[in-house]
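Take this structure, written in structure tokens, and hold onto it; I'll ask about it next.
What follows draws every value from the coordinates through simple rules; no lab data is involved. Nothing here was measured: the structure is a model prediction, and the numbers come from that model. Neighbour counts run over all protein chains shown; Cβ positions are idealised from the backbone, glycine included.
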Amino acid sequence: MSYCRQEGKDRIIFVTKEDHEAPSNAELIADDPHDPYEEQGLILPNGDINWNCPCLGGMASGPCGSQFKEAFSCFHYSKEEVKGSECIDHFRNMQECMQRYPELYPQEEDKESSNQPQEKSASDSTEGHSLSPQTDPVPVSSPTENQTAT
Amino acid sequence: MLKCRSAWGKLAPFARGAATLQRQNVTRTGLTNGRTTARVPAAHMATWPAGGGQNHLYVLLVGATCVGGAIYAYRTVKGDQRRYQERIAEISSRPHRRAKEATAGLHAEPPAQEVVATAVAESEAPVDPPSEEPDARSAAPSETTQPPQADEPAAEEAPAETLAEEAAGRDSAQPSPALPWHAPYLLIGGGTASFAAARSIRARDPGARVLIVTDEADLPYMRPPLSKELWFSDDPAVTDTLRFKQWNGKERSIYFQPSSFYITPEELSNAENGGVAVLTSKKVVHMDVRGNKVKLDDDAEISYDKCLIATGGVPRNLQVLDRAGDEVKSRTTLFRKIDDFRSLDKVSRNIKSITVIGGGFLGSELACALGRRSQDSGLEVIQMFPEKGNMGKVLPEYLSNWTTEKVKTEGVKVISEALVKSVTCKDDQLEIKLKDGRLVKTDHIVAAVGLEPNVDLAKSAGLEVDSDFGGYRVNAELQARSNIWVAGDAACFYDIRLGRRRVEHHDHAVVSGRLAGENMTGANKPYWHQSMFWSDLGPDVGYEAIGIVDSSLPTVGVFAKATAKDTPKAATEKSGTGIRSESETEDVASSAAAPPTPAPAVAAPKDDYGKGVVFYLRDKVVVGIILWNVFNRMPIARKIIKDGEEHADLNEVAKLFNIHED
């Protein structure tokens with residue numbers, strides 16, 4: 001059973017697991033997914049890419065930022081059957097650029113893979129120089145921040 | 001000309017003498033005229049060599065001499081001024097020359113640069129046509145070949161600009177040695193907020209040219225590991241490499257990016273896709289808001305389109321320490337930068353006893369880090385502060401006391417309710433005398449008593465400084481004035497939810513830096529995403545917090561009993577993240593590296609605050625939340641604060657956190 005104590009202005013409640021089993025009746029305000037103030041995930045409500053997403057780490061802002069943006073935009077808007085198949089040139093440019101900065105972009109075999117953000121987290125090896133997160137596929141992590149807990 | 005000069009020189013003493021004589025005559029005449037005329041003849045006899053007719057000639061001679069003397073004096077002063085300017089230009093061109101020689105290998109001839117400097121100085125000097133000066137002989141040709149030195153006080157506006165254009169057009173093979181005196185985005189300060197802004201700007205404005213100016217010698221780095229992870233590293237070379245191991249085994253450097261990420265300031269103007277350049281060891285001393293430019297400590301001027309002030313702050317010192325004399329000062333560390341970490345690491349290995357004054361975040365973390373070290377080295381670690389317990393201004397009393405006990409188990413001698421009265425140095429040891437009479441003897445002091453925000457530019461820029469919180473006063477969009485934003489520790493901003501505040505935490509620097517960068521590229525967003533902070537005090541106590549966490553507010557704490565699974569170490573291992581706030585935004589170092597096995601569980605008394613949630617209330621609304629040994633639930637906490645609702649039963653709100661679960 002929970003037990004409660006008051007120490008001056010501070011109230012202390014101890015609860016057991018059973019006490020917290022019943023779902024909460026606390027009310028939270030529904031979030032507006034189009035709220036312009038909120039931090040956005042990788043894809044903005046209008047479908048554009050959020051280059052400032054923390055999930056991208058330093059990819060869009062580093063020395064190879066413009067090549068990365070071109071390649072990824074091409075991929076994102078690609079309507080081909082094999083998504084991004086027409087973007088090979090862009091990806092090649094990007095890879096060439098990244099090869100010039102091995103410290104920043106540790107060389108991996110499958111840099112040209114179409115799944116850029118996911119791959120970025122995978123490519124963050126023991127060097128770990130860039131600031132990309134090491135969590136799961138990034139398009140998922142950011143939007144969930146603003147969802148209510150159930 | 002030289003002959004004339006020497007001739008004048010020879011005449012000079014005579015001229016001066018005559019001039020003084022003439023002055024004396026005049027004054028004497030003036031004085032005596034008002035008095036008895038009887039004295040006049042005698043005075044006359046003494047001063048005037050001859051009477052009557054020869055007067056005119058004499059007057060003429062003396063007058064001419066005076067005029068000659070005046071001309072000579074004027075010429076000398078002007079010549080000296082010119083020589084001084086040349087000298088300064090030559091001196092300031094030397095570091096640039098050296099830098100060029102070091103990096104490029106091939107570059108313009110130093111004498112040519114010097115000549116350009118003098119040439120440009122020449123063109124500005126008001127007196128003397130260049131032909132008179134031997135140095136100016138190459139003025140004409142050099143103007144067309146060399147890009148001028150940017151750090152000429154005189155050499156700024158029109159002459160410099162045209163020279164630059166000529167040089168840029170002509171000289172594509174040679175890298176320009178000059179500073180970029182225009183940066184579209186100028187970031188003052190090279191810390192966390194500045195770097196976050198640079199990233200944000202580059203992400204949103206393709207090809208942006210960003211210049212960071214910092215008075216430190218280091219590239220932007222993160223601060224939290226300096227008082228946590230770096231102390232737990234096994235690597236003996238850690239003070240050089242500044243690398244630390246995160247919980248997932250991955251190592252990283254405290255520098256946000258290695259140097260290859262940045263371009264050099266010289267390349268900035270010409271870089272095809274823009275980039276971020278860092279100008280180190282240069283301090284901005286003056287800001288001209290009307291002219292949109294700043295002046296550095298070496299008199300160079302840089303103009304900007306948009307400017308961010310992210311100057312952070314300097315550690316506060318206790319008055320008693322400040323006044324205590326050099327012997328004490330040399331044994332005191334004010335901890336903030338990489339150099340402070342290096343020197344404290346070195347010092348702590350060679351002494352027997354160290355005292356940390358201050359019971360807040362930094363003081364407690366350092367005390368715990370040093371305490372851990374003391375287990376191997378036998379170092380005595382003392383921590384003293386005026387509050388009743390560690391984090392006394394942050395945690396409610398019961399939690400603060402509990403934390404203090406934990407800190408003690410880390411090997412720290414905690415002296416609470418301690419007010420330092422005086423510090424003296426005796427027999428190579430420091431004696432700290434407390435107000436209640438206690439005496440503490442120690443070898444070294446670390447003062448962690450707060451941060452003084454750096455508002456040096458407020459006066460010259462005409463920016464408002466906040467009297468309650470300190471720092472530059474900015475609006476909800478972090479803007480001080482058009483084209484000027486402030487972020488990080490130095491910004492006193494308006495938080496739409498929580499009111500005006502100034503926050504000194506790492507994540508706030510990242511969040512506010514990002515926001516400032518967004519707003520500098522036209523986003524016009526207010527401060528909305530609430531930043532968080534965290535602290536780890538040993539392997540058993542770790543917490544994350546968000547919002548206003550002030551122990552003077554009424555609190556409601558909901559606790560469950562902690563199991564061995566609820567420690568910072570376990571949290572990171574389970575979620576696979578190396579860094580607690582990674583699951584939030586970006587990589588930031590956090591969790592303390594504990595010994596391989598957690599310390600044996602303290603015998604649980606009835607009130608064991610193992611894990612739980614503490615709500616801080618202001619007018620019945622939750623304004624702050626601490627997640628006590630409960631991790632990866634920050635989004636829920638953020639949501640609750642964002643809603644700003646009055647909740648009747650906070651236990652129901654606490655249910656949202658599932659504190660019993662891992």
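Can you pull the mean other chain C-beta count within 10 Å for peptide A:29-39? Before the final figure, lay out the partial values.
Working: counts 6, 0, 3, 0, 0, 0, 1, 4, 7, 4, 7.
Mean shielding by partner chains, rounded to a whole number: 3.
Hey, what do the phi angles of region A:52-62 turn into as Karplus ³J(HN,Hα) couplings, whole Hz, using 6.51/-1.76/1.60 and θ = phi - 60°, x for Gly and Pro?
For region A:52-62, the Karplus-derived couplings read 8, 4, x, 5, 7, x, x, 4, 7, 10, x Hz, x marking Gly and Pro.
Quick one: which of A:81-93, B:534-546 comes out on top by average Cβ neighbours within 10 Å, and what's the full order, highest first?
Put in order of decreasing packing, that is B:534-546, A:81-93.
If packing is taken as the mean number of other Cβ atoms within 10 Å per residue, what is the order of A:17-28, B:640-651, highest first? Can you show the working numbers first?
Details: A:17-28: 14.0, B:640-651: 17.3.
Peptide ranking by packing, descending: B:640-651, A:17-28.
Collect residues whose amide H, placed 1.01 Å from N in the peptide plane, falls under 5 Å from the amide H of A:Tyr105; neighbours closer than 5 in sequence don't count.
Distant-sequence amide H within range of A:Tyr105: zero hits.
Residue-wise, which Karplus ³J(HN,Hα) couplings in Hz belong to region B:344-354, taking 6.51 cos²θ - 1.76 cosθ + 1.60, θ = phi - 60°, and x for glycine or proline?
5, 4, 5, 4, 5, 7, 10, 10, 9, 9, 9
Continuing with this model, one more query. Output the Kirkwood hydrodynamic radius of region B:397-549, Cα pairs only, in Å rounded to one decimal.
One over the average 1/r among Cα pairs gives 18.6 Å for region B:397-549.
With +1 on the Cβ of every Lys and Arg and -1 on the Cβ of every Asp and Glu, and nothing else charged, how large is the dipole of region A:38-106 about its Cα centre, in debye rounded to the nearest 20? Mind showing how you got there, number by number?
Details: 5 positive and 10 negative charges, 28 e Å.
Dipole about the Cα centre, nearest 20: 140 debye.
Starting with the highest mean, order B:390-403, B:294-307, B:68-81 by the number of other Cβ atoms within 10 Å, averaged over the residues of each peptide.
Packing proxy ranking, top to bottom: B:390-403, B:294-307, B:68-81.
Using all C-alpha to C-alpha distances in region B:168-307, build P(r) with 10 Å bins and read off the rounded percent in each one.
Going out from 0 Å in 10 Å bins, region B:168-307 shows 11, 36, 30, 17, 6, 0 percent.
Let me confirm one metric for peptide A:63-75, namely the mean number of other chain beta-carbon atoms within 10 Å of its residues' beta-carbons.
Taking all residues of A:63-75 together, the mean is 2.
Separate question: Taking a spot 7 Å from the Cα of A:Ile43 along the direction of its beta carbon, which residues of region A:69-93 have an amide N less than 19 Å from it?
Within reach of a label on A:Ile43, which here means backbone N under 19 Å from a point 7 Å along Cα→Cβ, region A:69-93 contributes A:69-87.
Skipping prolines and chain starts, which residues have an amide H placed within reach, meaning under 5 Å, of the one on B:Arg500, given they are 5 or more residues away or on another chain?
Amide H neighbours of B:Arg500, under 5 Å, 5+ apart: B:Asp495.
Out of residues 5 or more away from B:His182 or on other chains, whose amide H comes under 5 Å of its own, with H placed 1.01 Å from N in the peptide plane?
B:Ser303
Which FRET efficiency, nearest 0.05, do B:Gln81 and B:Val347 yield, Cβ-Cβ r, R0 51 Å?
For B:Gln81 and B:Val347, the calculated efficiency is 0.55.
What are the extents of the Cα atoms of region B:384-455 along their three principal axes, in Å, largest first?
Dimensions of region B:384-455 along the principal axes of its Cα atoms: 40, 39, 23 Å.
Something else: Points 7 angstrom from Cα along the Cβ direction at B:Asn483 and A:Ala30: gap in nanometres?
Label at B:Asn483, label at A:Ala30, 4.6 nm between them.
In Å, what is the Rg of the alpha-carbon atoms in region A:1-87, and how long is Dmax?
Both quantities, over Cα of region A:1-87: 23.7, 69 Å.
Computed FRET efficiency, Cβ-Cβ of B:Glu405 and A:Glu80, R0 45 Å: what is it to the nearest 0.05?
0.10
Give me a single rounded figure for B:251-258: the average over its residues of other chain Cβ atoms within 10 Å of their Cβ.
For this peptide, the per-residue mean of nearby foreign Cβ atoms is 4.
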